[in-house]
Amino acid sequence: MIEVGRKYVFDFDSTLTRVEALDVLADMTLKGKSDREEVAREIQKITNLGIDGDISFTESLERRIRLLHAHRDHLPALVDELRQKISRSIAANKEFFEKFSDDIYVISCGFKEFIDPIVAEYNIPSERVFANTFEFDEEGNITGFDEENVLATHNGKIECLKNLNLEGEVQVIGDGYSDYVMREAGIADKFFAYTENVHREKAANKADHVAPNLDEFLFVNDLPRSLSYPKNRIKILLLENVHPAAFENLSEDGFSVELVKHSMSEEELIQKIRGVHVLGIRSKTQVTQKVLDAANKLLVVGAFCIGTTQIDLDYCKKKGVVVFNAPYSNTRSVVELAIGEIIMLMRSIFPRSTEIHSGQWNKTASNSREVRGKNLGIVGYGNIGKQLSILAEAMGMRVYYYDVEDTLALGNAVQCGTLEDLLNVSDVVSLHIDDNPANKNFIGEREIRQMRDGALLINLSRGFVVDIQALVNALKANKLGGAAIDVYPEEPRSNGEFRTELQGLENVILTPHIGGSTEEAQRNIADFVPNKIMDYINSGNTVDAVNFPNIRLPKQSNAHRFLHIHRNVPGIMARINEVLAKYEMNISGQYLSTDSEVGYVITDLDKEYPKELIQALKKVENTIKFRVLY
């Protein structure tokens, strides 16, 4: 007995293309006319009424063509425009259309004059395209359509599909209710509501399956596709009110994204994390071992900030979870705040401001100094420290810096051999050190004693690096002339009451961890971190990962990419390649990077692989995570 295969019936407008072709044609024909916008809106309204079945299709077609005033000469330009507007996932899966051409049909209420040349490029011949045709007058004006064509009538798609008498399971893929009616009439077995370009509730509510893209449709049917796992099935959870651009960037790339404004406790996150592939946080959410144990599908954690102490990096690595942060995106914002606070403290601006708010007029030059000619000591000469160095020198300050690593000086900055040397010489000390736990109380009573009398201290790095009680004592004793503190040993998880012993002290600037909180910085972070996440999910790149071996991979086409994360023990690569050899796989490229604990190997294969191969690779001893990219 010969098995009859499936048949796939595609709509054209807003399915194979991102647009309604007659709307595009309207833009062309109405160009330069004073009522262009009004007529275009009317055409779109009529289009939607017809698609949703609220008016007969015949009426919809007649009314639109009357408004178009189109000519035969407009059609070549229309076809060129439509070629640029193929749906993204359709274009990415061109191989499917070429391979299954004999089983693919296009049934559209559009017109063959522009559909045929588009779908021909996807190996769909004209004889499997069923659509309307235009009628022209002697001058070539489009005056109407062939009214004898069944597709020119209300629910004409039903009659068209019925006349084809297709054998086997028939699946319809389209965006509108006019596509669903073929399923409703019983002549199609399944209806997929295609929502990549437009989500029509009436169609989606009736669908057997909602397909946000063609990858989802191909995945459900176990057909060849450009991605092994549809992006819409990859769930991303963004916490702590990250910039909306992050949501937009990730959603636009096809992922399923949920945005939550607040942070979550460990218990809340344990309940929420199951089924999540990507977690995006800022500084308040703690990613602990318990959270990671509950995260059954987690691939990536994105820290939308510089610090990563809130994340258990070692346990993430053991679980095969890659962590990215934003080490550069808010550098300028932090530096500008530091510069501003240096000036404010030097000029005693805040005491003067407090006085005048309470009605006192205290015009005095006492304790008010220029920053020019003063010594700035920068502790931590990384990205922020270096940029602060440049701007401070431009204002006329003499810059000294101390770093545990031997770092090349920029401009005229002078490197100090010890922290004590820097503290002894500095009028202002600005802290820009990392979140290593060893840096707790880096500046304590002993270090403050080594500072100049009347010196200023700025901490925009980590709350725990300064002994707050020692700082309070030094300020009250006038050992220090002022301080600006943006970070604290303990910070609340949400807005509300906050107490610190620094409150109420003169010439002390207190801010609520806003060093990187500018619109520009948050927007930069919202671009940088999602790009790293997408690069890892889409291609396997781990460049700039905090806790993982870094690999930069070339893009591949017509190949399959396997990502294998394993414990770094001898013999894993040999075992992986033994499995590949057993299944006679041809390796077109292989990339390996390791650190002391894990290995990350990427293998590109240039031929089809059996499903048994996947299971065999997952069973390789010491495997942590395995993923087929495409």
- [ ] Tell me which residues, restricted to the stretch 128-179, are among the acidic types (Asp, Glu) and within 20 Å of residue 21 (Cα to Cα).
- [x] 135, 146, 147, 175, 179
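To keep it simple, each residue is scored yes or no on (1) at pLDDT below 90; (2) polar (S, T, N, Q).
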site: 516; (1), (2): yes, no
site: 528; (1), (2): no, no
site: 534; (1), (2): no, no
site: 565; (1), (2): no, no
site: 580; (1), (2): no, no
site: 588; (1), (2): yes, yes
site: 598; (1), (2): no, no
site: 605; (1), (2): yes, no
site: 610; (1), (2): yes, no
- [ ] Can you run down the residue pairs with Cβ atoms below 6 Å, 6 or more apart or on separate chains, where the first is in the stretch 304-317 and assigned by TED's automatic domain parsing to the domain that holds residue 249 and the partner is assigned to a helix (DSSP H, G or I) and polar (S, T, N, Q)?
- [x] 312/289; 315/289
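Would you mind finding the one in 356, 378, 390, 342 that is of a type outside the set (Gly, Ala, Ser) and modelled with pLDDT under 95? Talk me through it step by step, then tell me what you get.
Values: 378 fails: modelled with pLDDT under 95; 390 fails: modelled with pLDDT under 95; 342 fails: modelled with pLDDT under 95.
Of 356, 378, 390, 342, the one residue that is of a type outside the set (Gly, Ala, Ser) and modelled with pLDDT under 95 is 356.
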Task: Candidate set from the stretch 1-50 (those that are touching a Gly at 6+ places or on another chain (Cβ under 9 Å), of a type in the set (Gly, Ala, Ser) and farther than 22 Å from residue 79 by Cα); member that is surrounded by the fewest Cβ atoms within 10 Å (Cβ to Cβ) - done: 5
Open item on the list: Among the numbered criteria (1) under 24 Å from residue 528 (Cβ atoms); (2) surrounded by fewer than 20 Cβ atoms within 10 Å (Cβ to Cβ), which one does residue 228 miss?
Closed with: (1)
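Before we move on, is residue 574 closer than 27 Å to residue 611 by Cα and at pLDDT below 90?
no
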Open item on the list: Which condition from (1) in the same structural domain as residue 304 (by TED's automatic domain parsing); (2) of a type outside the set (Lys, Arg); (3) under 30 Å from residue 477 (Cα atoms) is the one that residue 544 breaks?
Closed with: (3)
Open item on the list: Just to confirm my filter: which strands (runs of 3 or more DSSP E) fall fully inside the stretch 154-265 and include at least 1 residues that are within 30 Å of residue 626 (Cβ to Cβ)?
Closed with: 190-194, 209-211, 235-238, 256-259
Task: Residues of the stretch 266-289 classified as assigned to a helix (DSSP H, G or I) and buried (at least 16 other Cβ atoms within 10 Å of the Cβ), total - done: 3
Open item on the list: Exactly one condition in (1) closer than 29 Å to residue 295 by Cα; (2) touching a Leu at 6+ places or on another chain (Cβ under 6 Å) is false for residue 545; which is it?
Closed with: (2)
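Take the conditions in the same structural domain as residue 135 (by TED's automatic domain parsing), over 27 Å from residue 153 (Cα atoms) and surrounded by 15 or more Cβ atoms within 10 Å (Cβ to Cβ) and apply them to residue 100. Does it pass?
On the way: in the same structural domain as residue 135 (by TED's automatic domain parsing): yes; over 27 Å from residue 153 (Cα atoms): yes; surrounded by 15 or more Cβ atoms within 10 Å (Cβ to Cβ): yes.
For residue 100, the condition - in the same structural domain as residue 135 (by TED's automatic domain parsing), over 27 Å from residue 153 (Cα atoms) and surrounded by 15 or more Cβ atoms within 10 Å (Cβ to Cβ) - is met.
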TODO: Quick one: count up the residues across the stretch 548-571 that are of a type outside the set (A, V, I, L, M), touching a residue at least 24 places away in the same chain (Cβ under 8 Å) and assigned to a loop (DSSP other than H, G, I, E, B).
DONE: 7
Task: the stretch 393-436, subset modelled with pLDDT of 95 or more and hydroxyl-bearing (Ser, Thr, Tyr), residue farthest from residue 311 (Cα to Cα) - done: 426
Open item on the list: Against the condition modelled with pLDDT under 95, part of a loop (DSSP other than H, G, I, E, B), in contact with a Pro (Cβ under 8 Å, 6 or more places away or on another chain) and of a type outside the set (A, V, I, L, M), how does residue 309 come out, does it pass?
Closed with: yes
Open item on the list: Quick check on this structure: which one of 91, 131 is part of a helix (DSSP H, G or I) and among the small types (Gly, Ala, Ser)?
Closed with: 91
TODO: Would you mind finding the one in 484, 470 that is surrounded by 14 or more Cβ atoms within 10 Å (Cβ to Cβ), part of a strand (DSSP E or B) and over 34 Å from the mean Cα position of the chain (by Cα)?
DONE: 484
Task: Selected residue [of a type outside the set (Gly, Ala, Ser), assigned by TED's automatic domain parsing to the domain that holds residue 528 and either part of a loop (DSSP other than H, G, I, E, B) or within 27 Å of residue 550 (Cβ to Cβ) (or both)] from 371, 323 - done: 323
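Tell me, please, whether a residue that is in contact with a strand residue (DSSP E or B) (Cβ under 8 Å, 6 or more places away or on another chain), within 26 Å of residue 213 (Cα to Cα) and in contact (Cβ under 8 Å) with a residue 40 or more places away in the chain can be found in the stretch 26-42. Give the steps one after another, and end with the answer.
Residues of the stretch 26-42 that are in contact with a strand residue (DSSP E or B) (Cβ under 8 Å, 6 or more places away or on another chain), as a first pass: 29.
Narrowing further to those that are within 26 Å of residue 213 (Cα to Cα): none.
Checked against the condition, which is being in contact with a strand residue (DSSP E or B) (Cβ under 8 Å, 6 or more places away or on another chain), within 26 Å of residue 213 (Cα to Cα) and in contact (Cβ under 8 Å) with a residue 40 or more places away in the chain, the stretch 26-42 yields no hits at all.
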Task: From 166, 151, residue being farther than 14 Å from residue 11 by Cβ and assigned by TED's automatic domain parsing to the domain that holds residue 54 - done: 166
Open item on the list: Within the stretch 411-433, take every residue that is of a type in the set (Gly, Ala, Ser) and exposed (fewer than 15 other Cβ atoms within 10 Å of the Cβ) and give me the one that is nearest to residue 443 (Cα to Cα).
Closed with: 417
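Which of the residues that make up the stretch 500-547 are assigned to a helix (DSSP H, G or I), among the hydroxyl-bearing types (Ser, Thr, Tyr) and under 19 Å from residue 238 (Cβ atoms)? Walk me through it before giving the result.
Restricting attention to the stretch 500-547, the residues satisfying the condition of being assigned to a helix (DSSP H, G or I) are 519-539.
Filter again for among the hydroxyl-bearing types (Ser, Thr, Tyr), leaving 536, 539.
536, the sole residue that qualifies.
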- [ ] Could you list all residues from the stretch 185-222 that are over 27 Å from the mean Cα position of the chain (by Cα), small (Gly, Ala, Ser) and crowded, with 17+ Cβ neighbours inside 10 Å?
- [x] 188, 203, 207
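The values are calculated or read from the model by the stated rules, or taken from the named source; none is laboratory data. Quick caveat, the model's predicted, so the values are computed rather than measured. Neighbour counts run over all protein chains shown; Cβ positions are idealised from the backbone, glycine included.
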